[in-house]
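Trainee: Let me give you the structure first, and then I'll get to my questions.
Bear in mind these aren't lab numbers, they're just calculated from the coordinates by the rules spelled out. Keep in mind it's a predicted model, so treat the numbers as computed, not measured. Heads up, the Cβs are rebuilt from the backbone with ideal geometry, glycines too, and the neighbour counts pull from every protein chain shown.
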Amino acid sequence: MNSLALPVVHPAFQKLKGAGRLLHLTAGGLILVHALSHINQPHSSPLFLGCLVFMAVDIFILAMAGKNIAADLPLVNLFFRLIEIIFFLGIGLNSCMHSEWVVGAGHALMSAAYGYLFLCEKRMLTSEYVAIHHTGITIPALPESRFVIWSNIDHIDAQYDSITIAASGDKSYHFDLRKNLQFEELDQIHEFCRHYLKQL
């Protein structure tokens with residue numbers, strides 16, 4: 001029996017892909033608000049303000065142009081997510097240097113949150129797979145996949161269009177498949193179950 005990788009539709013991945021646009025709009029709005037708050041400052045630089053407004057407008061155009069940015073334009077999405085991380089981190093560090101601790105900590109937390117999103121969205125560059133090996137099963141998850149050894153798996157229910165994996169501790173993972181299984185693939189899954197789970 002060879003290892004088997006099944007492309008699946010992961011609900012958490014789909015939610016994150018759908019939220020990409022809103023998250024970009026939020027970041028663009030915060031950058032624009034930050035730029036507008038500096039207009040009447042005595043030492044504000046027109047170049048700095050122009051760059052902030054330009055960045056905010058770029059992010060708005062990206063968010064409005066692509067309905068599902070994370071799925072349709074993954075590398076562009078990651079590039080703009082990186083810009084957002086750097087922006088919030090820069091504002092946080094600058095605020096802390098001027099003893100504005102609350103504002104600095106808030107922006108640093110936003111940078112960390114967008115950093116976590118960056119890692120999760122980077123994971124989505126590859127399709128989500130349930131991989132069945134001789135040592136166990138790899139289950140897609142955010143930010144990293146989980147590996148479950150056979151001794152921690154209670155039952156597997158494989159259909160032509162879905163797979164459900166019941167693990168110990170009342171954990172159950174259900175995934176719809178991106179394409180229906182071939183008869184040989186379904187038979188291979190049943191063979192794994194017979195061999196490792198003694199499941200008929």
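Trainee: Need one word for segment 1-95: rounded, prolate or oblate. Basis is the Cα gyration tensor (sqrt eigenvalues a ≥ b ≥ c); a/c below 1.5 gives rounded, then a/b vs b/c decides.
Mentor: Numbers: a/c = 3.47, a/b = 2.61, b/c = 1.33.
It comes out prolate by the Cα gyration axes.
Trainee: A follow-up question, please. What residues have an amide H closer than 5 Å to that of Ala167, excluding those fewer than 5 places away on the same chain, when H is modeled at 1.01 Å from N in the peptide plane?
Mentor: Counting only residues 5 or more places away or on other chains, the set is Asp154, Ser172, Tyr173.
Trainee: Distance cut-off 27 Å, Cα to Cα: go down the list Lys17/Lys171; Lys17/Lys179; Lys17/Lys198 and report the pairs above it. Don't jump to the answer; show the numbers that get you there.
Mentor: On the way: Lys17/Lys171 24 Å; Lys17/Lys179 20 Å; Lys17/Lys198 38 Å.
Correct reply: Lys17/Lys198.
Trainee: Specify the angular offset, from 0 to 90 degrees and rounded to the nearest 10, of the alpha carbon long axis of helix 183-192 from the longest principal axis of the alpha carbons in the chain.
Mentor: Helix 183-192 sits roughly 80 degrees off the main axis of the chain.
Trainee: When you count, for each residue, the other Cβ atoms within 10 Å and take the mean per peptide, how do 23-31, 72-80 rank with the highest first? Let's see the in-between values first.
Mentor: Numbers: 23-31: 19.7, 72-80: 16.4.
Per-residue mean Cβ counts within 10 Å order the peptides as 23-31, 72-80.
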